[in-house]
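Just below is one structure, and these are the notes that go with it.
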Amino acid sequence: MVNYKDLGLVNTREMFAKAVAGGYAIPAFNFNNMEQLQAIIQASAETKSPVILQVSKGARNYANQTLLRYMAEGAVEYAKELGWEHPQIVLHLDHGDSFELCKSCVDMGFSSVMIDASSLPYEENIALTKKVVEYAHKYDVTVEAELGVLAGVEDEVSAEESHYTRPEEVIDFATRSGCDSLAISIGTSHGAYKFKPEQCKRDPKTGRLVPPPLAFDVLHEIEKKLPGFPIVLHGSSSVPQEYVDIINAHGGKLPDAVGIPEEQLREASKSAVCKINIDSDSRLAMTAAIRKVFDEKPGEFDPRKYLGPARDEMKKLYMHKIINVLGSNGKAE
Ligand SMILES: [Zn+2]
């Protein structure tokens, strides 16, 4: 049993309360490897932004849960070395799908876990979430739950059919489950293909897809039912078209990849939305930088020569999100 407090990590409770009151959102970035983690910590330290490091099921399978935990522990020390005196770093389990998995993360030093039982019937979702909450709270670990179903594919989390969160259920759900934050479905979606072309309009000038707007009416209704309660948005990459263009110009093939416009995420950040999950955008930044090196310097074979530029590009992206989209810069001085 390792407690996250001994690793220098924090849970989300105070962070979220401040974010809701302050009208900004905390970035939740997924990580799978060292370069990604370095980029996240460098960007957070430089902007003094609280940050949530997320570990998905895919990441655990790829990089190993134990190794990721030690990396997060190292990240706290690395942040201090970079001059961030009081780093506020959360280590969060993304899309936990069972009590056993959530328990194992609590036991090994995660400071926050998500139990995603949103695919289960309503009462079963409450029961499983409550079970996780009861265990996690014993160790002061915070719990994110999900109500409503998001479309798209993200590391083995996939759903064919999405439906919006029903505002009439949120009070009952939050009260009975005891969760600390709630992921809702208002039209965001996992992955780099968030919308089918038939759901979008096409800009006649650029030929690019214009996605349908998020359901802000549903979000505002939920906020009214649960004033001040921390709301989470998954699947909130914006799929920057400059990365898609670089990838496609250097031998890639990502036709019609489209995400959530950043203006809408900025608007959501000002509401009760206090955690915004971004994964695909950093994958795109990394892929764009690597493809460019491979295309322009075919003789290059030192991984540092293409992972280095990938890291720089991801850091740029993270800083942009923190400063221009979520507004969390300077909130963890
Ligand atoms: Zn998600």
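The values are calculated or read from the model by the stated rules, or taken from the named source; none is laboratory data. For clarity, every value in this text was computed on a predicted model and none was experimentally measured. Don't worry about glycine lacking a Cβ; one is built from the backbone with ideal geometry, like all the others, and counts go over all protein chains shown.
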* Structure fact -> Of the candidates Asp281, Asp312, the one satisfying the condition of being in contact (Cβ under 8 Å) with a residue 12 or more places away in the chain, closer than 20 Å to Ala43 by Cα, within 16 Å of the ligand (Cβ to nearest atom) and assigned to a helix (DSSP H, G or I) is Asp281
* Determine whether segment 50-72 contains at least one residue that is under 25 Å from Cys102 (Cα atoms), aromatic (Phe, Trp, Tyr) and either surrounded by fewer than 24 Cβ atoms within 10 Å (Cβ to Cβ) or without any contact (Cβ under 8 Å) to a residue 40 or more places away in the chain (or both). => yes
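Table: residues versus (1) within 20 Å of the chain's Cα centre (by Cα); (2) part of a loop (DSSP other than H, G, I, E, B).
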{"site": "Pro212", "(1), (2)": "no, yes"}
{"site": "Val218", "(1), (2)": "no, no"}
{"site": "Gly235", "(1), (2)": "yes, yes"}
{"site": "Val239", "(1), (2)": "yes, yes"}
{"site": "Asn248", "(1), (2)": "no, no"}
{"site": "Pro255", "(1), (2)": "no, yes"}
{"site": "Gln264", "(1), (2)": "yes, no"}
* To do: Test Ser112 against the stated conditions and say whether it is within 15 Å of the ligand (Cβ to nearest atom) and either modelled with pLDDT under 95 or among the β-branched types (Val, Ile, Thr) (or both).
  => no
* Please go through segment 199-216 and pick out each residue that is under 21 Å from Glu267 (Cα atoms), touching a strand residue (DSSP E or B) at 6+ places or on another chain (Cβ under 6 Å) and surrounded by fewer than 13 Cβ atoms within 10 Å (Cβ to Cβ). => none
* To do: With the checklist (1) surrounded by fewer than 22 Cβ atoms within 10 Å (Cβ to Cβ); (2) within 16 Å of the ligand (Cβ to nearest atom) in hand, flag the one item Lys138 doesn't pass.
  => (2)
* To do: For segment 191-202, indicate whether the set of residues that are outside any loop (DSSP other than H, G, I, E, B) and within 16 Å of the ligand (Cβ to nearest atom) is non-empty.
  => yes
* **segment 232-267: number of residues that are of a type outside the set (Gly, Ala, Ser) and either within 16 Å of the ligand (Cβ to nearest atom) or at positive phi (or both)** => 7
* To do: Could you please find all residues in segment 192-212 being of a type in the set (Gly, Ala, Ser) and touching a helix residue (DSSP H, G or I) at 6+ places or on another chain (Cβ under 9 Å)?
  => Ala192
* Structure fact -> Phe229: passes all of (1) within 15 Å of the ligand (Cβ to nearest atom); (2) part of a loop (DSSP other than H, G, I, E, B); (3) modelled with pLDDT of 95 or more but (1)
* If we scan segment 123-132, do we find a residue that is over 19 Å from the mean Cα position of the chain (by Cα), of a type outside the set (D, E, K, R), within 16 Å of the ligand (Cβ to nearest atom) and surrounded by fewer than 22 Cβ atoms within 10 Å (Cβ to Cβ)? -> yes
* **Residue match in segment 300-307 (condition: closer than 25 Å to Gln264 by Cβ, of a type in the set (A, V, I, L, M) and surrounded by 12 or more Cβ atoms within 10 Å (Cβ to Cβ))** => no
* Structure fact -> Quick count over segment 70-104, residues being under 20 Å from Val51 (Cβ atoms) and within 16 Å of the ligand (Cβ to nearest atom), is 6
